[in-house]
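In what follows, a single structure is set out as structure tokens and then discussed.
The values are calculated or read from the model by the stated rules, or taken from the named source; none is laboratory data. As the structure is a computational prediction, the values presented were derived from the model and not from experiment. Counting neighbours? That spans all protein chains shown, and the Cβs are built from the backbone with ideal geometry, glycine included. Surface areas here come from the heavy atoms of the whole protein model, side chains and all, with no ligands, DNA or RNA. Shrake-Rupley method; radii C 1.70, N 1.55, O 1.52, S 1.80 Å.
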Amino acid sequence: MTNHKKFNKGRLPMTRLQTLSVAAGLLAGTALSAQAQELQFIMCGGEVRPADQVVIDKFQADNPGVTVKMEAVEWGTCQDKSMQLAAAGDPPDVAYMGSRTLRQLAKNDLIVPVTFTPEEEAVFQPGVLKTVSSGGQYWGIPHAFSTKALYINCTVVEAAGAECKAPATWEELIALAKTVTDNTDAAGIGIAGKDFDNTMHMFLDFLYSNGGLVFDADGKPALDSQQTRETLQLYADLLPYMESGPTEWERDQMKDLFNDGQIAMYVNGPWGEGQHKEKVPNQIIAPVPHGPSGTNGTILITDSLAVFKGTGNEELATKLAKALTSGEAQYDLDMTWGLTPILDYEKLGMADVFYTKGNWPVFVAGISTGGPEPMVEDFKALQAVFTNMIQGILLGEGTVDELVTQAGVELAAVR
């Protein structure tokens, strides 16, 4: 104010019209400055999907002066990069990453919570929002979703003299795996046992198909249970019929064993059908068989868009994230990428949706009875709980009861 008086000393007072003109010019300059924004976007996975790029291009066109700078980074280093940048005070505006990281980011006050309207919540498939929920808040916007099912190579099964019929129960699964192992050179089933995240994921496919939990509704550890003991006993019963050296294999490596007829069955996501169809045209896809204490289920895994805190662009970044995950945009991504539908698109008025055709109903049916990938601050510690338990039974390093009891103790220390 003082400088303003000095500046105008000795001058004639401005007219009201001049004052308004100058004010309008200043406001216009401020608006232009506000619009000249660059959003830093880290995309885990090493590529920007065409469906996402269409939305980003439209977002830039609809918001003049806004530039979205995309950086696609391979999964192996991407999530650590986003977290390290944020911890160093130079966060991206938004990042696409595994939902498992959200609790750690939230605990360290690095991301902003997400608010969904009741209408937005209502169109998500059952259980999806549990994968991004912690402490009564949502911390990410789900953008990719997968469920699992049992793949069966009918050529191998029929070579064993068995009917290629999907086993409905664990008892039937064990019997079919035994028949294949006893009557062919193939293993009855492929089970992941390597120190890798999908070793835990595959175990949870079976645990959730037996009514089991990792954490209860109050967030308390619930792994030390009868349902977990029954699931680990399933692994013990299947051990004679697994691929050789199961602790050396992770799930994604099994597609080659399946394609080459070296295993008759294993659990995988919807992308498996395309990976197998040329070499295994005679395959069936079925729900994960259920155990004695549950019904068919699956692990529910999402990747999400996280909006980082302290950038000054939180509102704009959230607007972009919501655009990327809106109805038609998300549908395009799900369909073209071959993902389990993250939204119930029929509630949005869409007809003839892709997931009512072919084998898609198998992957959709397990959503309502599935369980989330557990969200903890230290995911490596959580993974170790399951690896220790699973490898323990596969290597004969303890009884089912001992290993599950120990897993319960270890889980209680995980945050």
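Details
- Flag if SER225 is hydroxyl-bearing (Ser, Thr, Tyr) and farther than 22 Å from ASN268 by Cβ: yes
- Every pair of residues 6+ apart whose Cβ atoms lie under 7 Å, when the first sits in region 40-69 and is open to solvent by 70 Å² or more (accessible area, probe 1.4 Å) while the second is not in a helix (DSSP H, G or I) and not acidic (Asp, Glu): GLU47/ALA72; LYS69/LEU39; LYS69/GLN40; LYS69/PHE41
- Subset of region 323-366 [open to solvent by 40 Å² or more (accessible area, probe 1.4 Å) and farther than 27 Å from VAL288 by Cβ]: SER326, GLU328, ASP332, LEU348, GLY349, MET350, ALA351, ASP352
- Among residues of region 16-70, those that are part of a helix (DSSP H, G or I) and either more than 20 Å from SER326 (Cα to Cα) or at pLDDT below 95 (or both), counted: 20
- Filtered by the rule that a residue be more than 15 Å from ALA236 (Cα to Cα) and either open to solvent by 40 Å² or more (accessible area, probe 1.4 Å) or among the aliphatic types (A, V, I, L, M) (or both), region 373-399 gives MET375, VAL376, GLU377, ASP378, LYS380, ALA381, LEU382, ALA384, VAL385.
- In region 288-301, the residues that are open to solvent by less than 60 Å² (accessible area, probe 1.4 Å) and not aliphatic (A, V, I, L, M): PRO289, HIS290, GLY291, SER293, GLY294, ASN296, GLY297, THR298
- The condition of being without any contact (Cβ under 8 Å) to a residue 60 or more places away in the chain and not in a helix (DSSP H, G or I) holds for only one of GLY392, GLY398, that being GLY398.
- Every residue from region 238-279 that is open to solvent by less than 20 Å² (accessible area, probe 1.4 Å) and either in contact with a Pro (Cβ under 8 Å, 6 or more places away or on another chain) or of a type in the set (A, V, I, L, M) (or both): LEU238, MET242, MET254, LEU257, ILE263, ALA264, MET265, VAL267
- Restricting attention to region 123-137 and to residues that are open to solvent by 40 Å² or more (accessible area, probe 1.4 Å) and not in a strand (DSSP E or B), the residue that is nearest to ASN296 (Cα to Cα) turns out to be PRO126.
- Helices (runs of 4 or more DSSP H) fully within region 138-228 that include at least 3 residues being in contact with a Lys or Arg (Cβ under 7 Å, 6 or more places away or on another chain): 197-208.
- Scanning region 354-379 for residues that are in a helix (DSSP H, G or I) and under 16 Å from the mean Cα position of the chain (by Cα), we see that the one that is farthest from PHE203 (Cα to Cα) is VAL364.
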